[in-house]
Amino acid sequence: MANVVIIGMQWGDEGKGKVVDLVGPAFDVVARYQGGHNAGHTVRFGDEHFSLHLIPSGILRPGVQCVLGNGMVIDPDAFFRELRQLESSGVSAEGRLLISNRAHVVLPSAVALDQARESARGDAKIGTTSRGIGPTYEAKVSRVGLRIYDLGAPHLEERLRFLLGRADAELRSLGHEGPEGPNRVADLCRSWWQELRPYVQDTELRLNQWLDEGKSVLFEGAQGTLLDVDHGTYPYVTSSNSTAGGAAIGSGVPPTALDGAMGVLKAYTTRVGSGPFATEISGETEAFLRERGNEFGTTTGRPRRCGWLDLVACRYARRVNGIDAIALTKLDVLDQLPEIPVCVGYRLRGTLYREYGTVFEAGEGFQPEYRIFKGWQQDTSGILTYEDLPAPARDYIDFLEQELSTPIAMVSTGPRREETIVRDLPILRELMGGQLPTVPAA
Ligand code: GDP
Ligand code: IMO
Ligand code: MG
């Protein structure tokens, strides 16, 4: 059996939730390894519609074990909210949901800091999701953070005194009220602990035991390659390693246990929040993509910025993640366009660059160079076989495969599980332990 990472190849919201849900049944375990409820992963089938933020999308597949790994930051209130929503929709997580005792806790003070720092940055704001993600990771790296394990430990108050003392000083210096005191926050933490306890485990040990038993694990990446704190468009990034390497660190399995990576690539590009975006467009065509693609944040509802596919950035994503196969999503959104530009290189002082590097992170001084594809101007929604796609759509896909030297193993032609083309490629079978994902009838 293979252990595979699913990674967003752009700035998030590529459709990872849909892809994880589709391939999920081929795996015994689905694990998140970084991020928190800044993520919003949508899964749709039939008339059902789920938005998952903390809980792995695999939870919607009966029998699949789900893990919130040590690399995550968890707001317990958000966790319980999500769990109850799932339960009220008839999804039981009973006995198949584990939280790492090493994951870090997002406290209300981290949310206050996130918001205060953003307003202090003014025009240079990152456009975070305001979920307290950055301050929680910062506390972790500063070695003053609070782990899930600490919620029920005797040293809780002492930890909180230090952590909240720092938050208090910073919030006040930025002109805001300080956080609640350590005693009140300790009460909150203890009540969280009582409720969380049944889910908390040494997930590193559990995952490695499962691997020893020959079980297969799917790692569900959140955010995307270009939001990775090391490899993304710094400082306009999230605060964790969302790229494939993060899966080992954020779960405790050895890097050698990972057999492959599947990249999720939207047929155009979106970004929510600030920062460079070389192929961003504006005006009517952007509005068209946003409307047709329903490009509004799953977590915050913010309109997403839209633009064309950027092959320089995609090649980079392929490289840093070691992408073996691609799931191309939202092809149907391009259906009506007469022309579809794709950025093939960046032109800087007369030279055409095909490979990404930090020199381009400032987002200025270079021009994206486009190849213009003829649109197919036919409805592709719900098409289930590659051969049934209009010829110009196949040309577009073939070109992407060639330019990225990576097979496109799945093509999504609508938001629902039922609207997916699965190609019978050896690499897809290999990643899925010999089988192919089953697409249910519409
Ligand atoms: P994630 O964060 O990568 O899981 O992606 P999101 O769920 O935030 O955003 C993807 C959005 O596109 C969701 O609303 C999905 O329901 C929708 N979606 C996914 N695949 C397709 C597709 O092939 N076509 C269309 N029209 N919508 C899609
Ligand atoms: P999924 O998993 C898209 C963006 C925010 C902001 C930056 C930092 O659904 O693809 P943060 O709150 O993490 O400190 O914000 O990262 N961002 C996302 N954008 N999809 C996401 O998750 C995101 N998670 C964070 O908009 O620009
Ligand atoms: Mg999302």
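We did not get these values from a lab; they are worked out from the coordinates using the rules stated. Everything numeric here is computed off the predicted structure, so don't read it as measured data. Every residue, glycine as well, gets a Cβ built from its backbone with ideal geometry; the counts of neighbours run over all protein chains shown.
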* Which whole number in µm²/s is D for the chain by Stokes-Einstein, with the Kirkwood Rh taken over Cα pairs at 20 °C and 1.002 mPa s? -> 96 µm²/s
* Asked: Once amide H atoms are built 1.01 Å from N in the peptide plane, which residues 5 or more positions from ALA31, or in another chain, come under 5 Å H to H?
  -> VAL67, LEU218, PHE219, GLU220
* Asked: Among the DSSP beta bridges whose two residues both lie in the chain, what percent are antiparallel, rounded to the nearest 5?
  -> 40 percent
* **Radius 12 Å from Cβ of ALA103, net charge of other residues (Lys, Arg +1; Asp, Glu -1)** => 0
* Structure fact -> Computed about the Cα centre, the charge dipole of the range 1-66 from +1 Lys/Arg and -1 Asp/Glu charges at the Cβ has a magnitude in debye, to the nearest 20, of 100 debye
* **Fewest-first ranking of MET9, MET410, using other Cβ atoms within 10 Å as the exposure measure** => MET410, MET9
* To do: Among DSSP beta bridges lying fully in the range 39-134, give the percent that are antiparallel, nearest 5.
  => 50 percent
* Can you list the residues, at least 5 places off or on another chain, whose amide H is less than 5 Å from the amide H of GLY145, using H built in the peptide plane? -> LYS140
* **Sum of side-chain charges, VAL439 neighbourhood, beta-carbon under 9 Å (Lys, Arg +1; Asp, Glu -1)** => -1
* **Karplus 3J(HN,Hα) series, Hz, for the range 154-161 with 6.51 cos²θ - 1.76 cosθ + 1.60 (x for Gly, Pro)** => x, 7, 3, 4, 4, 4, 5, 4
* To do: Treating cross-link reach as a plain straight distance, find the lysines whose alpha-carbon is under 20 Å from the alpha-carbon of LYS18, omitting any fewer than eight places away in the same chain.
  => LYS266, LYS330
* Structure fact -> About its Cα centre, the range 310-442 carries a charge dipole, from +1 on Lys and Arg Cβ atoms and -1 on Asp and Glu Cβ atoms, whose size in debye to the nearest 20 is 340 debye
* Asked: If you find the alpha carbon centre of the range 146-186 and of the range 282-347, how far apart are they in angstrom?
  -> 41 Å
* Structure fact -> Honestly the range 75-192 on the Cα gyration tensor test (a ≥ b ≥ c root eigenvalues; a/c under 1.5 rounded, otherwise a/b vs b/c for prolate or oblate) is just oblate
* Asked: Rounded to the nearest 20 Debye, what is the dipole magnitude of the chain about its Cα centre when Lys and Arg each give +1 and Asp and Glu each give -1 at the C-beta?
  -> 700 debye
* Asked: Helix 76-88: angle to the longest alpha-carbon principal axis of the chain, degrees 0 to 90, nearest 10?
  -> 60 degrees
* In what order do TYR386, TYR396, TYR316 fall by count of nearby beta-carbon atoms within 10 Å, going from fewest to most? -> TYR386, TYR316, TYR396
* Structure fact -> When the charge dipole of the range 60-171 is computed with +1 at the Cβ of Lys and Arg and -1 at the Cβ of Asp and Glu, the Cα pointing farthest to the positive end, of ALA116, ASN70, LEU146, is that of ASN70
* Asked: Under a Cβ-Cβ cut-off of 12 Å, what is the net charge of the residues other than TYR396 that fall near it, where Lys and Arg count +1 and Asp and Glu count -1?
  -> -3
* Asked: Counting other C-beta atoms within 10 Å, which of ARG290, ARG417 has the fewest, and how do the rest follow?
  -> ARG290, ARG417
* Would you mind telling me which residue in SER412, SER57, SER130 has the biggest mean-square fluctuation in a Gaussian network model of the chain, where springs connect alpha carbons within a distance under 10 angstrom? => SER130
* Compute the separation of the alpha-carbon centres of the range 221-246 and the range 381-442 and state it in Å as a whole number. => 26 Å
